[in-house]
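**Student:** Dropping the structure in here first, questions after.
The values are calculated or read from the model by the stated rules, or taken from the named source; none is laboratory data. No experiment lies behind these values; they were computed from the predicted model shown. For neighbour counting, all protein chains shown are included, and Cβ atoms are generated from backbone atoms with ideal geometry for every residue, glycine included.
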Amino acid sequence: MIAYILRSLAQAIVVMLAVALIAFSMFRFVGDPVANMVGQEASMAEREELAQRLGLNDPFPLQFAHFVRDLARGEFGMSYRQGRPVKDLLIERVPATIELALLSSAFALVFGIALGVYTAIKRRGLMANAVMSLSLIGVSLPTFLIGIGLIYLFAVELRWLPSFGRGEVTRLGWWTTGLLTDSGRKSLIMPVLTLGFFQLTLIMRLVRAEMLEALRTDYIKFARARGIPERSISFRHALRNTMIPVVTIAGLQFGSVIAFAIVTETVFQWPGLGALFIQAVQFVDIPVMAAYLMFVALVFVLTNLGVDLLYFALDPRLRGATAAPAR
Amino acid sequence: MTTPVLSVRNLKVEFPTRRGTLTAIDEVSFDIGPGEVLGVVGESGAGKSITGTAVIGLIEPPGRIGGGEVYLRGERIDNLSQEAMRKIRGKRIGMVFQDPLTSLNPLYRIGEQLIETIQTHTTLSDSAARRRALALLTEVGIPAPETRIDNYPHQFSGGMRQRVVLALALAAEPELVIADEPTTALDVSVQAQIIALLKRLCRQHGAAVMLITHDMGVIAETADRVAVMYAGRIAEIGPVRDVIKAPLHPYTKGLMGSIPSLVGDSDRLTQIPGSMPRLTAIPSGCAFHPRCPRCFTPCPTFRPELQGEQKSQVACWLYHPFPVTAEAVP
Amino acid sequence: MRAPTARQEGLGARLWRAWDSDIAWSFRHSPVAIAAALVVTILLLGAAFASLIAPQNAFDAASLNLMDGFTRPGEASATGRVFLLGSDDQGRDVFSAILYGSRVSLLVGFASVIFSIAIGVTLGLISGYLGGRTDAVIMRVADIQLSFPAILIALLVFGVARGLIAPQYHENAAIGVLIVAIGLSNWAAYARTVRGSTLVEKNKDYVMSARVMGRPAFAIMGQHVLPNVIGPVLVIATINLALAIIAESTLSFLGVGVPPTQPSLGTLIRVGQQFLFSGEWWILFYPALDLVLLALSINLLGDWLRDALNPKLR
């Protein structure tokens, strides 16, 4: 088991380094860092001095090593566009995105599993077919349209919810949360629904497919042949076996949720990392792009690790128990 | 005459498909007496498994029972509600499948699966159920049952798993056990043990057995009577010794001739030319007629029914008065 | 009844076989598939013949008249022109705008899917055939592509390309970059499928004998692998097409997609959003409707295709 954990950790580090390499390459080869940081009027001597200071004349591996060292310290350089340290920007915006992502994932998981189980058990029912059709429409609706639609309905027509922003947020140390204020909570509803919707349809279809698959297995057939009641078969047997792939895939999706937040944050003017990233792409603000990339990679790697451990806990076949000697 | 444990009459199972209705088994009839072992033998696709599945009521839609009746100790069971049938499964009819690895839920300990089965059909408390589970494990020959009962299926070898499966199938003391290819997925060395165990357990519990297999050797060892199936129909049925030593139906004869034997002077295995027809293309009249070396006038047109004295029956025009013209069909 | 050999079959017989085949049967009996195919065809034809059908060349500034602006659907403007689906703030006919816009969306969608297939199939063949290290590396990269959201990959490629290409070429290159960006974010599924099929074929005897005879085994495998994978590839492609169209519209909506001079449906929605809350809903609604119909019908076709080709359900 220790070997399993160590192996996962090692893989995680390799991935992070690979992404760092990509980020670093972006820095070095896309655009001119010096030109981005000084004005047009700077003399050749000034540029040369800056290049020297930035270490641009050092050999590639050395530069990369410095880059990684800086990363480890949380130093991402200065934003080309905003002139502020990227680190500060990150700290400001991370809580908004994480809060949004976590709530959306929870929403998607709870309702996705419930609906998935329902449509799997009641395969041919009217309600089940209706839900499946709606889910197909859901997959065909781009996230931004859902956001716009919700804003139009709830903010413009009904005036129940605010149409943009986070509302009032409470500061807890370096973290900010919108859950403790009324306006904060109201502001969260539509973005969470929008971001979570795609996830929900995905999870629902996955759970349904896995349940149907599980209900076709031999052990379910054998359970039926033993007279086990259908209710136990659906929930105790099929669902339990479904949970492993579902939870692992849903967990792995969390990184995607963070990235999908880009669209939702833009539509709702949510002050998170995603909105920051879009601006960075528009203005070719490399340090911010690189920092965002590293952050997303970190989230991916951590969720992968978490899911590996979870898988381990859920599936007894992995826990190193060996088969008895053949008889 | 005692009531047979199982009585199947003209059972028909159909599968509606886009291109019409396929008949998987067609007018199958047989009886199994109390404590008797009936072997059901035939090639892949002959309909043996479907017969077993139909008896226990687990045919999956769109398949359905298209005709005939199934009686368990004289009571009709094929037309019961889902819930009534569920109560019969496990309690009065048990079934064992081919692959013990996939028959057991990998996420639950075998003790949990045993106790669940026991408590479904009895009102035993948790501790009483556990004691019964331990007793069952001992009976099927699992060593150190107090420890093994908390193991997961993957911690057992193939033969051990099949023993656990047998324990599960017999947990509620059914009167009939349907064993669908119980040894096919096991090592040859283990097969004999499992078959012997099955036979002994059923004898001890007084259960009748429907043993489905394509392995004639297993039948010869274990069964009292045997039914030979071909293309969804029964070709011949009778006491094992009779059918093996003196087969009546040309198909059975061909089957016996194609079994390699350690004793005897046959230097060539006889092969039946051709292959069993697919469900979509079953020949008219007697299904075997295109491949039959004794095929004659009535065979391509008229379908033979199982006829004969009580014990040995055969569906072949060689042994019964045959019709010559259409009007003479019995 | 023996089937005629290929040479003996006339065209009529071949067409009859196609009509009678399982897939055609399934299509004829699925009202959803027929409806979806109909919708897609209409939208495709509309886009293809935009210049013939559209009452106005929506993106030629000279043909616009500000006085026509903000006309409601079906009504006449201040200058007396009737706009079928209304007009926007610049006097642009929404109907024409949709026709031209969907042309761009479909172009980017199809092109990126073809690009993905090209990369994915090639990499899959290479990976399956060479095995070993190459296989491991390629599959790892495929795993990464599958776990990273397409939007992110596309944005990254786009952003980097923007930095690498001088500003004056940005507009012209934008569509090409977009196609490459979306294409690069969707190839892994094809690679996996093709690799699987290649692995199966690799062990067959004719590959060995081809090698012995001196023919390049690679070519032979391509010849035998490709017919086997056409089905799954088609299914993946239809679903990817819908995803690609949505991806392009999302990127254009965000402002990092097609240039403003060649608006796609996403751009139109972006423009329309400003006017939604002040009451001129049609500027956003019709492009959005077109987009959703397109994606939905393609998805439905993809779903039907997958069920029709699934051997387990036959």
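**Student:** Kindly indicate which of B:Ile195, B:Ile259, B:Ile237, B:Ile212 is modelled with pLDDT under 90 and under 30 Å from B:Pro293 (Cα atoms).
**Tutor:** Sole residue among the options that is modelled with pLDDT under 90 and under 30 Å from B:Pro293 (Cα atoms): B:Ile259.
**Student:** Which pairs turn up if I take residues in region A:296-316 that are away from chain B (no Cβ under 14 Å) and look for partners that are crowded, with 18+ Cβ neighbours inside 10 Å and of a type in the set (Phe, Trp, Tyr) with beta carbon separation below 6 Å, at least 6 apart in sequence or on another chain?
**Tutor:** A:Thr303/A:Phe254
**Student:** If I ask for residues that are in a loop (DSSP other than H, G, I, E, B) and either buried (at least 24 other Cβ atoms within 10 Å of the Cβ) or more than 9 Å from every other protein chain (Cβ to nearest Cβ) (or both), which ones from region C:243-301 would you list?
**Tutor:** Answer for region C:243-301, where residues must be in a loop (DSSP other than H, G, I, E, B) and either buried (at least 24 other Cβ atoms within 10 Å of the Cβ) or more than 9 Å from every other protein chain (Cβ to nearest Cβ) (or both): C:Gly257, C:Val258, C:Pro259, C:Pro260, C:Thr261, C:Gln262, C:Pro263, C:Ser264, C:Ser278, C:Gly279, C:Glu280.
**Student:** For region C:122-228, which fully contained helices (runs of 4 or more DSSP H) count at least 1 residues that are modelled with pLDDT of 80 or more and of a type in the set (D, E, K, R)?
**Tutor:** Fully inside region C:122-228 and qualifying: C:132-147, C:188-202.
**Student:** Follow-up question, since we're still on this one. Only one of (1) over 18 Å from A:Val19 (Cα atoms); (2) modelled with pLDDT under 75; (3) of a type in the set (A, V, I, L, M, F, W, C) fails for A:Phe60. Which number is that?
**Tutor:** (1)
**Student:** Ok, one more. Could you grab me the full set of residues in region A:151-160 that are surrounded by 13 or more Cβ atoms within 10 Å (Cβ to Cβ), in contact with a helix residue (DSSP H, G or I) (Cβ under 7 Å, 6 or more places away or on another chain) and more than 13 Å from C:Gln273 (Cβ to Cβ)? Show your work before the answer.
**Tutor:** Filtering region A:151-160 down to residues surrounded by 13 or more Cβ atoms within 10 Å (Cβ to Cβ) leaves A:151-156.
Checking which are in contact with a helix residue (DSSP H, G or I) (Cβ under 7 Å, 6 or more places away or on another chain) leaves us with A:151-152, A:154.
Passing the criteria: only A:Phe154.
**Student:** Take C:Ser209 and decide whether it is polar (S, T, N, Q) and within 13 Å of chain A (Cβ to nearest Cβ).
**Tutor:** Numbers: polar (S, T, N, Q): yes; within 13 Å of chain A (Cβ to nearest Cβ): no.
Judged against the criteria, C:Ser209 is not a match.
**Student:** On to the next question. Is there any pair with a first residue in region C:273-285 that is among the polar types (S, T, N, Q) and a second that is at pLDDT below 75 whose Cβ atoms are under 9 Å apart and which are 6 or more apart or on different chains, and what are they?
**Tutor:** The qualifying pairs do not exist here.
**Student:** Okay, next question. Is there a residue in region C:142-159 that is away from every other protein chain (no Cβ under 14 Å) and surrounded by 20 or more Cβ atoms within 10 Å (Cβ to Cβ)?
**Tutor:** yes
The rows are residues; the columns are (1) of a type in the set (D, E, K, R); (2) at pLDDT below 85.
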residue: A:Leu136; (1), (2): no, yes
residue: A:Leu145; (1), (2): no, no
residue: A:Gly165; (1), (2): no, yes
residue: A:Arg171; (1), (2): yes, yes
residue: A:Trp175; (1), (2): no, yes
residue: A:Ile203; (1), (2): no, no
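**Student:** Would you check if there is a residue in region A:114-130 being of a type outside the set (Gly, Ala, Ser), at pLDDT below 80 and over 24 Å from the mean Cα position of the chain (by Cα)?
**Tutor:** So in region A:114-130, the residues of a type outside the set (Gly, Ala, Ser) come out as A:115, A:117-119, A:121-124, A:126-127, A:129.
Applying the additional criterion that residues be at pLDDT below 80 yields A:123-124.
With over 24 Å from the mean Cα position of the chain (by Cα) added as a condition, the list becomes A:123-124.
Checked region A:114-130: at least one residue is of a type outside the set (Gly, Ala, Ser), at pLDDT below 80 and over 24 Å from the mean Cα position of the chain (by Cα).
**Student:** Please go through region A:228-241 and pick out each residue that is touching a residue at least 40 places away in the same chain (Cβ under 8 Å) and either of a type in the set (Ser, Thr, Tyr) or touching a strand residue (DSSP E or B) at 6+ places or on another chain (Cβ under 8 Å) (or both).
**Tutor:** A:Ser234
**Student:** So, of the residues in region B:146-161 that are within 7 Å of chain A (Cβ to nearest Cβ) and part of a loop (DSSP other than H, G, I, E, B), which turns out to be surrounded by the fewest Cβ atoms within 10 Å (Cβ to Cβ)? Can you show your working first?
**Tutor:** Within region B:146-161, the first condition is being within 7 Å of chain A (Cβ to nearest Cβ), and the residues that meet it are B:152, B:154-157, B:159-160.
Applying the additional criterion that residues be part of a loop (DSSP other than H, G, I, E, B) yields B:152, B:156-157.
On the way: B:Tyr152: 21, B:Phe156: 23, B:Ser157: 17.
By that ranking, first place goes to B:Ser157.
**Student:** Then there's this: Quick one: count up the residues across region B:75-107 that are assigned to a loop (DSSP other than H, G, I, E, B) and either at the interface with chain A (Cβ under 8 Å from one of its Cβ atoms) or not hydroxyl-bearing (Ser, Thr, Tyr) (or both).
**Tutor:** 14
**Student:** Within region A:222-232, is there a residue that is buried (at least 17 other Cβ atoms within 10 Å of the Cβ) and of a type in the set (Phe, Trp, Tyr)?
**Tutor:** Yes, the conditions are met somewhere in region A:222-232.
**Student:** Name, by its number, the condition in (1) at the interface with chain A (Cβ under 10 Å from one of its Cβ atoms); (2) farther than 27 Å from B:Val37 by Cα; (3) in contact with a Pro (Cβ under 7 Å, 6 or more places away or on another chain) that does not hold for B:Ile110.
**Tutor:** (1)
**Student:** Would you point out the residue of region B:113-142, among those that are under 26 Å from B:Ile195 (Cα atoms) and loosely packed, with under 15 Cβ neighbours inside 10 Å, that is nearest to the other protein chains (Cβ to nearest Cβ)?
**Tutor:** Restricting to residues being under 26 Å from B:Ile195 (Cα atoms) and loosely packed, with under 15 Cβ neighbours inside 10 Å, the top hit is B:Thr138.
**Student:** Would you please list the contacts, defined by Cβ atoms under 7 Å and residues six or more apart or on different chains, that run from a residue in region A:271-282 that is more than 12 Å from chain C (Cβ to nearest Cβ) to a residue that is crowded, with 24+ Cβ neighbours inside 10 Å and acidic (Asp, Glu)?
**Tutor:** As it stands, the answer is A:Gly272/A:Glu265, since those pairs meet every condition given.
**Student:** Just to be sure, is A:Val257 within 9 Å of chain C (Cβ to nearest Cβ), in contact with a Gly (Cβ under 6 Å, 6 or more places away or on another chain) and under 26 Å from A:Met190 (Cα atoms)?
**Tutor:** Working: within 9 Å of chain C (Cβ to nearest Cβ): yes; in contact with a Gly (Cβ under 6 Å, 6 or more places away or on another chain): no; under 26 Å from A:Met190 (Cα atoms): yes.
Against the criterion (within 9 Å of chain C (Cβ to nearest Cβ), in contact with a Gly (Cβ under 6 Å, 6 or more places away or on another chain) and under 26 Å from A:Met190 (Cα atoms)), A:Val257 does not qualify.
**Student:** Return the total of residues in region A:120-175 being of a type in the set (D, E, K, R) and within 12 Å of chain C (Cβ to nearest Cβ).
**Tutor:** 2
**Student:** Could you tell me which of the residues A:Ala114, A:Ala108 is surrounded by 16 or more Cβ atoms within 10 Å (Cβ to Cβ), part of a helix (DSSP H, G or I) and of a type outside the set (Phe, Trp, Tyr)?
**Tutor:** A:Ala108
**Student:** Here is a further query. Mind listing whichever residues of region B:162-175 are surrounded by fewer than 23 Cβ atoms within 10 Å (Cβ to Cβ) and more than 9 Å from every other protein chain (Cβ to nearest Cβ)? Working first, answer last.
**Tutor:** Start the filter on region B:162-175 by keeping residues that are surrounded by fewer than 23 Cβ atoms within 10 Å (Cβ to Cβ), which leaves B:172-173, B:175.
Within region B:162-175, B:Glu173, B:Glu175 meet the criteria.
**Student:** For region A:228-242, which positions are assigned to a helix (DSSP H, G or I) and in contact with a Gly (Cβ under 9 Å, 6 or more places away or on another chain)? Before you say what the answer is, go through the steps one by one.
**Tutor:** Applying the first criterion (assigned to a helix (DSSP H, G or I)) to region A:228-242 yields A:230-242.
Within region A:228-242, just A:Thr242 meets the criteria.
**Student:** For residues that are within 7 Å of chain B (Cβ to nearest Cβ) and β-branched (Val, Ile, Thr), tally how many sit in region A:211-225.
**Tutor:** Residues flagged as within 7 Å of chain B (Cβ to nearest Cβ) and β-branched (Val, Ile, Thr) within region A:211-225 amount to 1.
**Student:** Right, next: Go through (1) within 11 Å of another protein chain (Cβ to nearest Cβ); (2) in a helix (DSSP H, G or I); (3) touching a helix residue (DSSP H, G or I) at 6+ places or on another chain (Cβ under 6 Å); (4) not hydrophobic (A, V, I, L, M, F, W, C) for A:Gly196 and report which single condition fails.
**Tutor:** (1)
**Student:** Looking at region B:30-47, which of its residues are over 22 Å from B:Pro174 (Cβ atoms) and assigned to a strand (DSSP E or B)?
**Tutor:** Result: B:Val41, single match.
**Student:** Now a separate question. Does A:Leu206 qualify as being closer than 29 Å to A:Pro162 by Cα, surrounded by fewer than 21 Cβ atoms within 10 Å (Cβ to Cβ) and more than 10 Å from chain B (Cβ to nearest Cβ)?
**Tutor:** no
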